[in-house]
Amino acid sequence: MIFDTTTAIILAMLIPLAAMAGNMAFKNMPNLRDGFTFLCAVLTFGAVLVVLANEGNSVTSEFSLIEVFPGIDIAFNVEPLGLMFAIIASGLWIITHIYGVGYMRGNDEKHHARFFACFAIAISSVMGIAFSSNMFTLFLFYEILTVSTYPLVAHKGTPDAVKGARTYLAILIGTSIALQLTAVIWTYALAGTLDFTQGGILVGKVAGWVVPVLLGLYAFGIGKAALMPFHKWLPAAMVAPTPVSALLHAVAVVKAGVFTMLKVGIYIFGIDFLAETGASEWLMWLAAYSIIAASVVAMTQDNLKKRLAYSTVSQLSYITLGMALATSMGALGGGMHIAMHAMGKITLFMCAGAIYVAYHKTEISQMQGLGRVMPITFGAFLIGSLSIIGLPPLGGSWPKFLLMLGAADTGHLIIIGVLMASSLLNVAYLLPIVGRGFFRPLDDGAPTKRYEGPVLVWLPPALTALGCFVLFFYGGALQSFLLPIIGQ
Amino acid sequence: MDWDFIAGHVNYWMFIVLMMTGLYIVVSSGNLVKKIVGLNIFQVAVFMLYISIGKITGGTAPIFPSNSKGYLEIDPSIVYSNPLPHVLILTAIVVGVATTSLGLALIIRIREEFDTVESDDLVKIEQQLTSADNKEHGDAMGGMA
Amino acid sequence: MAGTVSPHDAKTLIEQLPILQVLVPFCTAPLIVLIGNRHMAWLLAFVASVISLVISYVLLTQVYGGGFISYQLGGWAPPLGIEYRVDAANALVMLLISAIATLTLPFAYESVKDEIKAKDHTLFYACFMLCYTGLMGVVITGDAFNVFVFLEISSLSTYVLVAQGAGRDKRALTAAYDYLIMGTIGATFFVIGIGFLFMSTGTLNMADLADRIANEGTNRTIRAGFAFIIVGMGLKAAMYPLHLWLPKAYTFAPSAVTVLLSATSTKMAIYVLLRFLFSVYNPEFIFELNVMFLVFMPLALIAMFSASFVAVFQVNFKRMLAYSSIAQIGYMLLGIAMFNLSGLTGTMVHMFNHGITKAVLFMGVGALVLRTGSSFYNNLNGLGRVMPLTVAPIVIGGLSLIGVPGTAGFVSKWMLVQAAFENGWWFIAILIVLSSLLAVVYVWRAIEVLYLSEPAQGTKMAEAPMSMLIPMWILAIACIWFGVATDLPLGAASTAAEVLLSGSFGMVE
Amino acid sequence: MHHHHLILRVVTKLLAGTIILYALYVQFHGDFSPGGGFQAGVIMAVAFILYGIVFGLVAVQRVFPPWLVHKIVALGVLIYAGTGIYAMMLGYEFLDYGAFDPGHPSHGQHNGILAVELGVGVTVTGVMVAIYYAFAGRAPRISDEDW
Amino acid sequence: MTETIINFILFAMLISTAFAIVRMTSLFAVIMLASVFSLLTALLFVTLDAVDVAFTEAAVGAGISTVLMLGTMALTARHAKPQTQSNAIPFLVVCVTGAALIYGTLDMPNFGDPNAPAQVHVAPEYLERSIEEIDVPNVVTAILASYRGYDTLGETAVVFAAGIGVLLLLSSLARRRRDDEEEGDI
């Protein structure tokens, strides 16, 4: 035991802030600045690992930082879902930082210091979200995350970027303040507490129409979960530099959304309570619709990042679906999908960025034959795709399996059908990209020499692609790690 | 409503008529100086109301008589009117004249800058200035001032 | 102190604090004129406001948990004499006013130099201190007529201060004149209301008034007095639809004056409203009258939406903030209209939080005006990049204005929404959050201008001077600090709300 | 103006002196009869204003220079407040004139009242004269059609 | 009885003066009538036993205010423009306010009633105690300067504020010597 858990959690939130300060201080010393940030990323990951080593998958009691309202504290604790989220986010930060340095330098982007500083604040708030022990704390960090990522989306400062960032902010702030905040305060008024509690805090406090309405306020209010029709921000945010898309819009931001969704379902309402009242049934159908509809839209996108964005919208709804199924298997599957999808999707995004750095291609139709000159990148892309599709022996197969079990539990066979159809759609919009890369001839005049871009750009996706394999073999372990969230 | 009530309240209604005349001048008049005159009438009418609160029928001014040696003599048969409203209104009158003098000073400045003391004209000039602002700053921003 | 000879119990310094609170800034004004040096004027004003700030903090700690301090002016026991009465409600407002004044003065140093002719500086600071004295005097007093007197001290000096903007834009004069007319009508209405109360009770002391109204019941005179007091103070508080003077006054006043006014003067009026609504008239009276629900609620909602909507379309940063102030006053009235503990706490805490939020925003604009000479958006393009330290506090203030979690503005909105749910008015709760979205729009417009547009060619702007940056950053940090560590404002506000809801002012013996 | 109206000028000089005397009477007799500091101050100011109207602004400003007027304005307020502060320094409440003569509070009250009324009178005189100077110091700018 | 008759004659004159002011456009006439209004008010105050107030109103309303207004008129304009806008809204405002006021009067004690709350609660104490405590024959002065002396301090501050306000608007602090007039300091 190096530190106690409390210190480790606080460090996990403070070290990224140190990175931010470092970026401000060493604004004009690129190597020192980026090196320092890397060190901070490693230390953050270390701090999270300390928590893991100390606590395993137990649920600790909360420790409070400060009382904001009577009975509402800014407080933190450890529980498996949050810990898993923290490990993923901080671990992938290291990789993304390396990638980000390569990308930003390779692309001659401006304002590096501001970029990495905002990035660090975002990570800090993700740590806050992951370890928060009540809905208030979670909401607090949720909003900080929104605000701190806004400059990242608007980073380029072009009219397009400004417009995209405006959409991004309008939807995320709009939904969270108008709907989620209302829901949170309403919950507090009803239950008198906001602490995440096994089995839910609303049980017995509400009945009738209030339950689905409140759930609706949460479901749509958590705009980061990109449930249709509040998904537009995600494709809009693709104007951001790719490292942002990679970490934030495949891992941190969107996962913060679905993570919140799961937390609300499991600890605010309680899975059993949802099942009992049937309040989440409509949400299940909406999620199913989102899965299919977003996949279909993804097929029509030629811009690679946009296609990946719609794919994300679709995949996020898996997790919402897992919660809405209101069964243990569903919740477990949703939880696991956070990890699996993160690993897969970040690979895909980093590959997209690598292609952009090396050849400045953004549209899928321009990518023919590129697999021949950058086989590692396209290989990684293939592995990521297969993981998203859910083929063994890749990590992505586990959650789909669990979700189907969950759907079977509830007897909704149509949902099983939806999940299968979705996998087919995944095949249809992801694999052609790889196929085009490897099997179509190169455009005339394109360089034929093998060039993958700088090592900092192609190595990270290769690593995460390996991660997809690794996760498959630890799937069982992850599942048992997450068991406490369903009260086992 | 009997006769006593009317006789005992008609004063108040007179004050109210005066107050409302003053207020009407303030609200309706276009001339800035006249507005101030209206404000004065309005306030003075309120002062009358206050003073009338203190009046006791058959009473006299609340000043004790004193004899040549300067000692105070109190005659219990004399009824004195209530001095408290007088004090309040002395203060209020002073506040009123302070406001008047400030208002007038402002009017003089307004006249120097705008060359008019009619609110109609002032509104027109201000509208012109605002639309000029809009033209200069608004078009670029796609908004209005 | 020389009290040893007399049998009278000599007052200690601590016992004298309530009067010193007002007296220190009060005496500064004539001293400034007497000395007649503008550097000394600033220094005196600053020192006095610091002392006053310390005193108000000490007073707040004394009444933080409940109870009150009474100070008899001239040694005459009320209701014969005038009484100062400090409880959690006004101690919090006094802390806000003195803190803002203390921070505004350093800010004013450069701003006033830039915006006002040097020969007027001495009198400007004297006027500033008078305005400050008036505000403090209104808030601390326990005597209804004394409220009027100090209200006029602050009002008269405010009119003059607003008119000082004439050096930049002559419309400051008409703004001041309009404000003078409206303000005087408001004050006269207030006097009429007090007169009616006096007529029916024979007293002017608020506690005594409350006592007599509670014991002898109300009548039509008292009810009419109530209406006049509300309208009179509503004018001062810029309560919709009596707000017409506010946008012009805030837009054209010198920057330092706008900071002081926006952060304190309307709050003072709201405080007086609260005091009369709840302490003089008791809550049962108001409840029976149903005035809250029928009058305050709709007006508050209209203000929140219409003023925010107008703010969205402004091209002048200062004017945008002025409209936003009207909307925010709507929130405070809404909290009163909720008529429950959380709602009143929300109002009290929003007074405090909005005070510091608006102060930092107007200071930010003032700093930009100092550097660019304009507060129009198209002259502020991209300034966030050239003067980041100056613009960052504006962003923080903007976030607090929206009510983003972790900022002060969030705390008050939370309380208001919670109050709505406690009453079961979920529809109102939704309206509150929806109106915050309008705030997102108008704040974000400013932020985009400041950060995302390209700075004008050849812009070589320096950061604002330290004397501005320091108060701005203190306020910006306060916006965040009080969004997280809510002990001080929220604790005091909830004590205050309890005091207010328990009815008759100070009758808790 | 300076060479005409001889009678007016002589009368004014006499009148101004009388007015000042009357003002002083009102000032110091206010506790026995109607009137007090404020009224006295106004009357005192009228003496100067009258002088100014007849002999011109320059002349009256030689008698009562503006800088002095401004100091007096501030001084009066300080006299008033100072009286109260003195009571505080004796360990009493602000403005408790009983402090000035603890053995015989009503004497203390009497003295206190005289002191504060003096303060009022001084300030009011100063302010009224200052306002007159300010107004009179402006050149009239009336457009022709208004006359 | 004579008092009542005098009162009513005064009222009649006051109201006709006020109405005349509404209609006048010549500012000189308006100001003169306002001055007359103040004098009449002062007379009314005398009949209401408020001699101090009457004295002050005469000095202020008929004296200082009139002089200031005439001065302002000399510096601005002689005539007010005849009204152009409709009178409906001002009239409505006045009617509503007036109605509220009249509603308020319905429960007021009769004029001159010695048992009105205002006569029985605090005021008698002033009358009884001031001889002992203050030893000043004019009770108004006793209250003004001692019992409510703090209000009067405030009043002085208001006058002071008006004074420096006018100075700020129309001129500035004067210097002792003329030589350094260009400098900002005094």
For C:Y109: the one exception among (1) more than 9 Å from chain E (Cβ to nearest Cβ); (2) open to solvent by less than 10 Å² (accessible area, probe 1.4 Å); (3) aromatic (F, W, Y):
(2)
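Answer yes or no as to whether A:N54 is assigned to a helix (DSSP H, G or I), polar (S, T, N, Q) and open to solvent by 30 Å² or more (accessible area, probe 1.4 Å).
When the stated conditions are applied, A:N54 passes them.
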Pairs, first closer than 16 Å to C:V443 by Cα and free of Cβ contacts under 8 Å to residues at least 60 places away in the same chain in the range A:147-160, second open to solvent by 30 Å² or more (accessible area, probe 1.4 Å) and of a type in the set (D, E, K, R), C-beta under 7 Å, six or more apart:
A:P151/A:R114
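I need a count of the residues in the range E:127-150 that are crowded, with 24+ Cβ neighbours inside 10 Å and not hydrophobic (A, V, I, L, M, F, W, C).
Just the residues of the range E:127-150 that are crowded, with 24+ Cβ neighbours inside 10 Å, to begin with: E:130, E:134, E:136, E:138-150.
From what is left, the residues that are not hydrophobic (A, V, I, L, M, F, W, C) are E:130, E:138, E:141, E:146-150.
Looking only at that region, the number is 8.
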If I ask for residues that are in contact with a Lys or Arg (Cβ under 7 Å, 6 or more places away or on another chain) and at the interface with chain B (Cβ under 10 Å from one of its Cβ atoms), which ones from the range E:1-51 would you list?
E:L27, E:V30, E:L48, E:D49
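Residue-by-condition table, conditions (1) open to solvent by less than 10 Å² (accessible area, probe 1.4 Å); (2) within 14 Å of chain B (Cβ to nearest Cβ); (3) β-branched (V, I, T):
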| position | (1), (2), (3) |
| --- | --- |
| C:N379 | no, yes, no |
| C:S400 | yes, no, no |
| C:P405 | yes, no, no |
| C:V411 | yes, no, yes |
Report, by residue number, each residue of the range B:17-38 that is open to solvent by less than 10 Å² (accessible area, probe 1.4 Å), of a type in the set (A, V, I, L, M) and either more than 7 Å from chain E (Cβ to nearest Cβ) or closer than 11 Å to E:V94 by Cβ (or both).
B:M19, B:L23, B:I25, B:V26, B:L32, B:I36
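Test E:L144 against the stated conditions and say whether it is more than 11 Å from chain C (Cβ to nearest Cβ) and farther than 27 Å from D:G126 by Cα.
Values: more than 11 Å from chain C (Cβ to nearest Cβ): yes; farther than 27 Å from D:G126 by Cα: no.
Considered against the rule, which asks whether it is more than 11 Å from chain C (Cβ to nearest Cβ) and farther than 27 Å from D:G126 by Cα, E:L144 comes out as no.
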Could you check the range B:76-134 and list, in sequence order, the residues that are of a type in the set (S, T, Y) and assigned to a loop (DSSP other than H, G, I, E, B)?
B:S77, B:S81, B:T116
Can you tell me which residue in the range A:1-31 is least open to solvent (accessible area, probe 1.4 Å), limited to those that are more than 28 Å from the chain's Cα centre (by Cα) and among the aliphatic types (A, V, I, L, M)?
A:A25
Sort out which residues of the range B:47-59 are surrounded by fewer than 23 Cβ atoms within 10 Å (Cβ to Cβ) and more than 7 Å from chain E (Cβ to nearest Cβ), and write them in order of number.
B:G58
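One line per residue, one yes/no per condition, for (1) touching a Gly at 6+ places or on another chain (Cβ under 9 Å); (2) acidic (D, E); (3) modelled with pLDDT under 85:
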{"position": "A:N31", "(1), (2), (3)": "no, no, yes"}
{"position": "A:V51", "(1), (2), (3)": "no, no, yes"}
{"position": "A:S64", "(1), (2), (3)": "no, no, yes"}
{"position": "A:D73", "(1), (2), (3)": "no, yes, no"}
{"position": "A:G82", "(1), (2), (3)": "no, no, no"}
{"position": "A:I98", "(1), (2), (3)": "no, no, yes"}
{"position": "A:R105", "(1), (2), (3)": "no, no, yes"}
{"position": "A:A117", "(1), (2), (3)": "yes, no, no"}
{"position": "A:F131", "(1), (2), (3)": "yes, no, no"}
Report whether or not B:P62 is crowded, with 23+ Cβ neighbours inside 10 Å, at the interface with chain E (Cβ under 7 Å from one of its Cβ atoms) and at pLDDT below 85.
yes
Wholly inside the range A:318-392, helices (runs of 4 or more DSSP H) that include 1 or more residues that are touching a residue at least 60 places away in the same chain (Cβ under 8 Å) and either closer than 21 Å to A:Y267 by Cβ or out of contact with any Phe, Trp or Tyr (no Cβ under 8 Å at 6 or more places or on another chain) (or both) are A:328-359, A:375-389
Output yes when any residue across the range E:84-105 is in a loop (DSSP other than H, G, I, E, B) and under 25 Å from the mean Cα position of the chain (by Cα), and no when none is.
no
Filter the range C:170-216 down to residues that are away from chain E (no Cβ under 11 Å) and in a loop (DSSP other than H, G, I, E, B), then give me how many there are.
1
Out of all the residues in the range D:63-75, is one or more more than 10 Å from chain E (Cβ to nearest Cβ), of a type in the set (F, W, Y) and touching a helix residue (DSSP H, G or I) at 6+ places or on another chain (Cβ under 6 Å)?
yes
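Could you say which residue among A:R436, A:R450 is assigned by the TED database to the domain that holds A:L308, in a helix (DSSP H, G or I) and among the charged types (D, E, K, R)? Give the steps one after another, and end with the answer.
On the way: A:R450 fails: in a helix (DSSP H, G or I).
Matching residue, one of A:R436, A:R450: A:R436.
Modelled with pLDDT of 85 or more and touching a Gly at 6+ places or on another chain (Cβ under 7 Å): is that true of A:L145 in this structure?
Numbers: modelled with pLDDT of 85 or more: yes; touching a Gly at 6+ places or on another chain (Cβ under 7 Å): no.
Criteria not met by A:L145.
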Among the residues of the range B:107-116, write down those that are in contact (Cβ under 8 Å) with a residue 60 or more places away in the chain and within 7 Å of chain E (Cβ to nearest Cβ).
B:I107
Check on A:V162, in contact with a Leu (Cβ under 6 Å, 6 or more places away or on another chain), under 19 Å from C:Y451 (Cβ atoms) and part of a helix (DSSP H, G or I):
yes
Against the definition (facing another protein chain (nearest Cβ under 7 Å) and modelled with pLDDT of 85 or more), how does A:L181 come out, yes or no?
yes
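Name the residue, out of A:V258, A:V254, A:V244, A:V213, that is at pLDDT 85 or above, under 24 Å from A:D302 (Cβ atoms) and of a type outside the set (K, R). First the steps, then the outcome.
Details: A:V258 fails: under 24 Å from A:D302 (Cβ atoms); A:V244 fails: at pLDDT 85 or above; A:V213 fails: under 24 Å from A:D302 (Cβ atoms).
Result of the check over A:V258, A:V254, A:V244, A:V213: A:V254.
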Are any residues in the range A:271-285 under 23 Å from the mean Cα position of the chain (by Cα) and open to solvent by 40 Å² or more (accessible area, probe 1.4 Å), and if so, which ones?
A:W285
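The values are calculated or read from the model by the stated rules, or taken from the named source; none is laboratory data. Computed from a predicted model, the values in this text were never measured in an experiment. Using ideal geometry, Cβ is built from the backbone for each residue, glycine included, and neighbour counts are taken over all protein chains shown. When the accessible area is computed, the model is the full protein with side chains, heavy atoms only, and any ligands, DNA or RNA have been set aside. Shrake-Rupley method; radii C 1.70, N 1.55, O 1.52, S 1.80 Å.
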